[in-house]
Amino acid sequence: MNKESTYSLLNAINDPEDLRRLGVEQLPEVCSELRQDIIKELSCNPGHFAASLGTVELTVALHYVYQTPYDRIVWDVGHQAYGHKILTGRRELFSTNRQFGGIRPFPSPEESDYDTFTCGHASNSISVGLGMSVAAAFKGEKDRHVVAIIGDGSMSGGLAFEGLNNASSTPNDMLIILNDNDMSIDRSVGGMKQYLFNLTTSNRYNQLRFKASRMLFKLGILNEDRRKALIRFANSLKSMAAQQQNIFEGMNIRYFGPIDGHDVENLARVLRDIKDLKGPKILHLHTIKGKGFAPAEEHATEWHAPGKFNPETGERLVPDTEGLPPLFQDVFGETLVELAQANPLIVGVTPAMPTGCSMNKLMATMPCRAFDVGIAEGHAVTFSGGMSKDGLLPFCNIYSSFMQRAYDNLIHDVAIQNLNMVLCLDRAGLVGEDGPTHHGVFDMAYLRPIPNLTIASPMDEHELRRLMYTAQLPDKGPFIIRYPRGRGVLPQWKCPLEEIPVGKGRKLREGDGLALITIGPIGNAVCQVIDRVEAETGHTVAHYDLRYLKPLDQALLHEVGKKFRFIITIEDGVIEGGMGSAVLEFMTTQHYTPYIERLGVPDRFIEHGSVKELYKLCGIDEAGIYQAVMDLLQTMKG
Ligand SMILES: Cc1ncc(C[n+]2csc(CCOP(=O)(O)OP(=O)(O)O)c2C)c(N)n1
């Protein structure tokens, strides 16, 4: 397809001003072209797919009706904002989306004024929007509108409820748009989803009520206090008629909808109508995830981020994985089922990532023993704490960066009581194309100071299985296992389940003068480096795999402190406060004085790119580690 000839309207839109010059009757054509553009671009440069197809009409209508970027549009997660990127001056660059040095995976104010806030983690848009609305009022910017968009999945997050609660009682004119497609990445879960499904408020009723109140307001009959009283009265009538209470209106947030989120002309009209209404408002849209691309509409989970595909046939171009080592997540999923079969106390918990972390394997085998709790990491941990307190053994799986949301839950609801639960942190380390919001690089540094925790990271699939087995043995307290995104190193990954004593690391190689200490799968790269260094120089280099960050293997570290004058620590997490810092503290406290160099993620946010490129950027790919070792060997000789 030739961009120039195919997209007659889209080609003329360089920014939303161009869009706003079109007639409303031209918007369906803009949507059609935008949708085709997204499909074509994503087919060869993979990214989040289905969500952006579902928001095409919403995106066009928003930029058409609102004076962006003066008016603030706040996306939630931002994985549905590709249309927004294309319409806001980034169409030419869109082919670089998510690539190293290319445009960012999620909206980011550093990239564009149209991106009003950093996106990536779910459920924050209402709070952000409220903050912006209050800021506008403080600054006397009465004409500035704020629109916060949130999906039904993200509405399951506690932060969204906190935002709603505050928005209902803080003076503001924000519009919240609920993009309801009944899907999270997997199917949406929970009472809110059910409530939204049942919400049958009549569209005609809303329009009538809106027109009447606007007329009364214009005539001066309806001041702010009376307006609120009228809303409450109207809500009671509506609740009576519909035999259900509208919870948003019960909180004094005016509710409109549900309306079809794919009828762009009507959507633009409704947005125009409600734009200048005072007070907080919510517009409920029904949309279809993957809209306009049949395979994605049918299988939205697979098409959340499908990789490359054929845009004509819808065939996914899945690489051949025959003979490759497994994904760490699958080793987790399979091993959990095995452990749960043997131990009836084991239950699984995932905050909205059953497919992403392979908890779906336990769900398929033992549906009663696995819980998808929605996008609610804090709750997932506290819920696990409750189950643990009364005798169950939860395996709670949370992506490392999303775990940041649940820090106090872990301290207050688990660690203080020393409860037996296993917290598996998937996607630990640099995750690649999703960028700084998603890199799981802080966990070792932020978990290490918490008393009672055991913190481990497996070097390979066998170690992961053994650590999971160890973690579920009696009275282990809170036991954390972190492992990365992607594949391990062992095609034959099944191994007998055996205990790895808590706090016991291992010596992988003897050496002379220089010891390398690693934790987790980065140890595999270090093995390769040592092979190369020894082959090239004849110098032997020792290698210790710490396995446990907490408790530290004191005996192992005493051995290192006594035998080696030079140490390099290597980890796939932040240098500040991480494993290397733990080694440094140990050596200082024990009065050893080796020279210690720490390799890891430097003290800045790391952008997006392939995992390989980012490891190189941080100097912790094989070449970077090799260089550090060779430099140190040189120093040792000198
Ligand atoms: C705190 C947090 N937890 C989990 C995720 C992973 N995640 C990304 S998108 C998504 C689903 C969002 O669903 P919804 O808000 O309904 O948007 P939709 O994809 O349906 O448009 C999830 C769980 C995240 N981004 N942030």
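Total residues in the stretch 337-364 satisfying the condition of being surrounded by 24 or more Cβ atoms within 10 Å (Cβ to Cβ) and assigned to a helix (DSSP H, G or I): the figure is 3. Every test in (1) hydroxyl-bearing (Ser, Thr, Tyr); (2) open to solvent by 10 Å² or more (accessible area, probe 1.4 Å); (3) at positive phi is passed by residue 118 save one, and that test is (3).
Quick one: count up the residues across the stretch 542-557 that are surrounded by 18 or more Cβ atoms within 10 Å (Cβ to Cβ) and either more than 17 Å from residue 633 (Cβ to Cβ) or in contact with a Pro (Cβ under 7 Å, 6 or more places away or on another chain) (or both). Reasoning before the result, please.
Pass one, the stretch 542-557, residues surrounded by 18 or more Cβ atoms within 10 Å (Cβ to Cβ): 542-550, 552-553, 556-557.
From what's left, either more than 17 Å from residue 633 (Cβ to Cβ) or in contact with a Pro (Cβ under 7 Å, 6 or more places away or on another chain) (or both): 544-550, 552-553, 556-557.
Of the residues in that region, 11 qualify.
Residues of the stretch 523-541 being in a helix (DSSP H, G or I) and open to solvent by less than 10 Å² (accessible area, probe 1.4 Å), which ones? Listed by number, the residues that qualify are 523, 526, 529, 530, 533. Filtering the stretch 277-309 to residues that are free of Cβ contacts under 8 Å to residues at least 60 places away in the same chain and assigned to a loop (DSSP other than H, G, I, E, B) leaves 299, 302. Whenever a residue of the stretch 572-591 is part of a loop (DSSP other than H, G, I, E, B), its partners that are open to solvent by 10 Å² or more (accessible area, probe 1.4 Å) and aromatic (Phe, Trp, Tyr), lying with C-beta atoms within less than 9 angstrom and at least six residues away or across chains, give the pairs 577/442; 577/446; 578/442. Out of curiosity, is residue 534 without any contact (Cβ under 8 Å) to a residue 12 or more places away in the chain and in contact with a Ser or Thr (Cβ under 8 Å, 6 or more places away or on another chain)? Yes, satisfied.
Any residue at all in the stretch 147-154 that's more than 16 Å from the chain's Cα centre (by Cα), closer than 27 Å to residue 350 by Cα and either within 14 Å of the ligand (Cβ to nearest atom) or touching a residue at least 24 places away in the same chain (Cβ under 8 Å) (or both)? So that I can check it myself, show each step before the final result.
Of the stretch 147-154, the ones more than 16 Å from the chain's Cα centre (by Cα) are 147-149.
If we keep only those that are closer than 27 Å to residue 350 by Cα as well, we get 148-149.
Narrowing further to those that are either within 14 Å of the ligand (Cβ to nearest atom) or touching a residue at least 24 places away in the same chain (Cβ under 8 Å) (or both): 148-149.
Looking through the stretch 147-154, at least one residue is more than 16 Å from the chain's Cα centre (by Cα), closer than 27 Å to residue 350 by Cα and either within 14 Å of the ligand (Cβ to nearest atom) or touching a residue at least 24 places away in the same chain (Cβ under 8 Å) (or both).
If you go through the stretch 64-103, how many residues are in a loop (DSSP other than H, G, I, E, B) and either modelled with pLDDT under 95 or buried (at least 24 other Cβ atoms within 10 Å of the Cβ) (or both)?
So in the stretch 64-103, the residues in a loop (DSSP other than H, G, I, E, B) come out as 66-71, 75-81, 91, 97-103.
If we keep only those that are either modelled with pLDDT under 95 or buried (at least 24 other Cβ atoms within 10 Å of the Cβ) (or both) too, we end up with 68, 75-81.
Count: 8.
Return yes when residue 41 is free of Cβ contacts under 8 Å to residues at least 12 places away in the same chain and either among the charged types (D, E, K, R) or crowded, with 24+ Cβ neighbours inside 10 Å (or both) and no when it is not. Reasoning before the result, please.
Working: free of Cβ contacts under 8 Å to residues at least 12 places away in the same chain: no; either among the charged types (D, E, K, R) or crowded, with 24+ Cβ neighbours inside 10 Å (or both): yes.
No, not satisfied.
For the stretch 603-618, which positions are surrounded by fewer than 16 Cβ atoms within 10 Å (Cβ to Cβ) and without any contact (Cβ under 8 Å) to a residue 60 or more places away in the chain? If the condition is that a residue be surrounded by fewer than 16 Cβ atoms within 10 Å (Cβ to Cβ) and without any contact (Cβ under 8 Å) to a residue 60 or more places away in the chain, then 603, 604, 612 are the ones that fit.
Among the candidates 506, 466, 482, 427, single out the residue that is surrounded by fewer than 17 Cβ atoms within 10 Å (Cβ to Cβ) and either more than 27 Å from the chain's Cα centre (by Cα) or within 23 Å of residue 616 (Cα to Cα) (or both). Break it down into steps so the answer makes sense when it comes.
Values: 466 fails: surrounded by fewer than 17 Cβ atoms within 10 Å (Cβ to Cβ); 482 fails: surrounded by fewer than 17 Cβ atoms within 10 Å (Cβ to Cβ); 427 fails: surrounded by fewer than 17 Cβ atoms within 10 Å (Cβ to Cβ).
506 is the lone residue from the list that is surrounded by fewer than 17 Cβ atoms within 10 Å (Cβ to Cβ) and either more than 27 Å from the chain's Cα centre (by Cα) or within 23 Å of residue 616 (Cα to Cα) (or both).
Residue check: is residue 309 away from the ligand (no atom under 16 Å from the Cβ), within 30 Å of residue 179 (Cα to Cα) and of a type in the set (Phe, Trp, Tyr)? It would help to see each step written out before you state the result.
Working: away from the ligand (no atom under 16 Å from the Cβ): yes; within 30 Å of residue 179 (Cα to Cα): yes; of a type in the set (Phe, Trp, Tyr): yes.
Yes; evaluated as a whole, the condition is true for this residue.
Conditions first: (1) farther than 22 Å from residue 164 by Cα; (2) in contact with an Asp or Glu (Cβ under 9 Å, 6 or more places away or on another chain). Residue 286 passes all but one, so which condition is the exception? Evaluating residue 286 over (1) farther than 22 Å from residue 164 by Cα; (2) in contact with an Asp or Glu (Cβ under 9 Å, 6 or more places away or on another chain) leaves (1) as the failure. For the stretch 510-522, give me each residue that is assigned to a strand (DSSP E or B) and either outside the structural domain of residue 619 (by TED's automatic domain parsing) or of a type in the set (A, V, I, L, M) (or both). Answer for the stretch 510-522, where residues must be assigned to a strand (DSSP E or B) and either outside the structural domain of residue 619 (by TED's automatic domain parsing) or of a type in the set (A, V, I, L, M) (or both): 514, 515, 516, 517.
The values are calculated or read from the model by the stated rules, or taken from the named source; none is laboratory data. Since we're looking at a predicted model, the values are computed, not measured. Neighbour counts are summed over all protein chains in view; Cβ atoms, including those assigned to glycine, are modelled from backbone coordinates with ideal geometry. Only protein heavy atoms, including side chains, enter the accessible area calculation; ligands, DNA and RNA are left aside. Shrake-Rupley method; radii C 1.70, N 1.55, O 1.52, S 1.80 Å.
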